[in-house]
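Colleague: Have a look at the structure that comes next, please.
Derivation of every value follows stated rules applied to the coordinates shown; laboratory data play no part. Computed from a predicted structure; not experimentally measured. For neighbour counting, all protein chains shown are included, and Cβ atoms are generated from backbone atoms with ideal geometry for every residue, glycine included.
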Amino acid sequence: LSQLSSWLQNGPLITDGAWGTQLQNLGLELGQMPDTWNLSHPDRVESVAAAYVEAGSQVILTNTFRSNAITLSEAGLLAQLEDLNRTGVEISKRAAGGRALVFASIGPTGKMLMTGEVRADEVEEAFAAQASALAAAGADALLLETMSDVEEARIALTAALRTGLPVIVSFAFDSGKNKDRTMMGATPEMAARAMEEAGASAVGANCGAGIERFLPVCQRLKAACSLPVWIKANAGLPELQGGAVTYSTSAGFFASHAPALLESGASFLGGCCGTSPDFIRALAAQRSAS
Amino acid sequence: MPDLQKLYDAVLDGDQKTSVAVTQEALAAQIDPLELITKYMVPAMDEVGRRFECEDYFVPELLLSARAMKGCLELLRLLLAAQGSQPVARVAIGTVKGDLHDIGKNLVGSLLEGGGFEVFDLGADVAPEKFIQAIRDKGVTLVALSALLTVTMPSMRTTIDALKQAGVRDQVKIMVGGAPVTQQFADEIGADGYSDNASAAVALARRLSALEVAS
């Protein structure tokens, strides 16, 4: 039994919700890299993680989405790569207290390989450094999320697998008429097959559109490979009301989509942008009711 | 006489090597550079845009075609300058203050260059003052603002307000775009135009520049 299958032995797991919006509620300013709070405000970061564990998350992530070497060096923070990633894992593990698994979050570099603004070997090194720092700090698994370029995901996956940890790769399907393509045009089938072949432990979809768009994507990921599927949906599309950003979807509406997603094979279910601990509470309630 | 249909096809297919080779042959055969642009390259990019809208093409195809077109334009630039042709317009592009995302902005920048614009890329997390400076120092007539995050959209309004304060708002047309941006938001903050994708942004930039010249 693989590590991941043993975690899933008793059925699908509820993951967590958004971190960025929660940190903003606690005073994170616009344009400030959320990951820096691992060092400057570890207590506030821990309170977000703890709120998810309290709400019923069985897997929580880490506040390390942007802590790859390329993004950090652009922000002048490369020297803190090891510290940001290590403290990110430590904070989530403290909050989990053994009640939840900690999957460490790794986001894309934000650079495009095909325009030549970064080289493949730079991307590989950037992810390898982050993955090894996260693994050394004791993450249970690594999550490559919000990917849009299959090639970048493949490079990141190869680098992450060297830690020996299970690696999940999740894409943002936010383009195309049916919101079933990544920005770079990849379909769920292309992403699932490429990641299975390259050794991922699970594939998934996160961010992108509201939860109502995720069912067909989940079904297609499931059909295209033999891996468990990871789903983290947004709370609908953001709207601007009187200068403030709001998300139209309620926790109840969000959770009402859970049974169909679980039915169609989602093994991990949680929320992305705009979701809060209330959404996770509603998901957990929905799951125990079913 | 070179087969110029090949130029159209090469730009459409994002084949820079062939598009540059055909352009070189055409120049050797004394064909007018402007004709190459208006009859073959621009129609090819229009078709690229159409296919992008129909979702036959995605970002990679857009980039490859823009790169092919840019390669040809570089060959033609000196000749066009000698003829007295100006770039379509000078554009200052940037992701607004507070927002560090630059993929969408880079993409629109590349496509604008492919479309014959002179592009000043101010980067990401750009303070309003930098846009003002570009308008004053670079002869920019078009400002393109990008935001990827809903939470940084208000920075677009701040930027436009700062341009007004500085008294340079009326010297330029302003276009906005990015995942969370909508036409309604663009109208609300007093932008001149909005497009919901990178390809349409080039058409919008052309339209706004034509207005600029006409006004």
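Colleague: Determine, at each q value in 0.08, 0.09, 0.10, 0.11 (inverse angstroms), the log₁₀ of I(q)/I(0) that the Debye formula gives when each Cα of the protein assembly as shown is one equal point scatterer.
Modeller: Results for the protein assembly as shown at q = 0.08, 0.09, 0.10, 0.11 Å⁻¹ read -0.52, -0.65, -0.79, -0.94.
Colleague: Each label point is 7 Å from the Cα along the Cα-to-Cβ direction; what then is the distance between the points at B:Q165 and A:K177, in nm?
Modeller: 4.6
Colleague: Starting from the Cα of A:K232, draw a straight line to each of the aspartates and glutamates and keep only those under 17 Å, dropping any in the same chain fewer than 8 residues away.
Modeller: Qualifying aspartates and glutamates at Cα under 17 Å: A:D16, A:E145, A:D174, A:D180, A:E212, A:E263, A:D278.
Colleague: Something else about it: For the stretch B:101-215, place one equal point scatterer on every Cα, skip the solvent, and apply the Debye formula. What is log10 of I(q)/I(0) at q = 0.10, 0.11 Å⁻¹?
Modeller: With no solvent term, the Cα-only Debye profile gives -0.24, -0.30.
Colleague: Which value in nm describes the separation of the simple spin-label points at B:A210 and A:A285, placed 7 Å from the Cα toward the beta carbon?
Modeller: Taking the two extended label points, one gets 5.6 nm.
Colleague: Compute the distance from the alpha-carbon center of the stretch B:14-50 to that of the stretch B:126-189, in whole Å.
Modeller: 33
Colleague: Let me ask something else about it. Using only the alpha carbons of the stretch A:1-66, what is the convex hull's orientation-averaged projected area in square nanometres?
Modeller: The directionally averaged projection comes out at 5.3 nm².
Colleague: Karplus couplings for the stretch B:16-21 from phi (6.51 cos²θ - 1.76 cosθ + 1.60, θ = phi - 60°), rounded to Hz, Gly and Pro as x?
Modeller: 3J(HN,Hα) across the stretch B:16-21, in whole Hz: 5, 4, 5, 5, 5, 4.
Colleague: Taking amide H atoms as placed 1.01 Å from N in the peptide plane, list the residues 5 or more away in sequence, or in a different chain, whose amide H sits under 5 Å from that of B:G98.
Modeller: B:D125, B:V126
Colleague: Another question, if that's okay. What is the Å³ per residue value for the convex hull set by the Cα atoms of chain A?
Modeller: 123
Colleague: Convert each backbone phi in the stretch B:178-190 into a coupling constant with the Karplus relation 6.51 cos²θ - 1.76 cosθ + 1.60 (shift: θ = phi - 60°), then list the ³J(HN,Hα) values in order as whole Hz, x for Gly and Pro.
Modeller: x, 2, x, 6, 10, 4, 4, 5, 4, 5, 4, 8, x
Colleague: So, one more: Cβ neighbours within 10 Å, averaged per peptide: list B:160-171, B:32-43, A:218-229, B:74-85 in order, most packed at the top.
Modeller: Packing order, densest peptide first, comes out as A:218-229, B:32-43, B:160-171, B:74-85.
Colleague: How many percent of Cα pairs in the stretch A:153-268 exceed 23 Å?
Modeller: It works out to 31 percent of all Cα pairs.
Colleague: Right, something else. If the reach is capped at under 13 angstrom between alpha carbons, list the aspartates and glutamates near B:K164, excluding any in the same chain fewer than eight residues apart.
Modeller: Here the aspartates and glutamates satisfying the reach criterion relative to B:K164 are B:E129.
Colleague: What spacing in nm lies between the two simple spin-label points modelled at B:D9 and B:S85, each 7 Å away from Cα in the Cβ direction?
Modeller: About 2.4 nm separates the two model spin labels.
Colleague: What does the structure give for B:104-113 when I average, per residue, the other chain Cβ atoms found within 10 Å of the residue Cβ?
Modeller: If you average over the peptide's residues, the count of other-chain Cβ atoms is 1.
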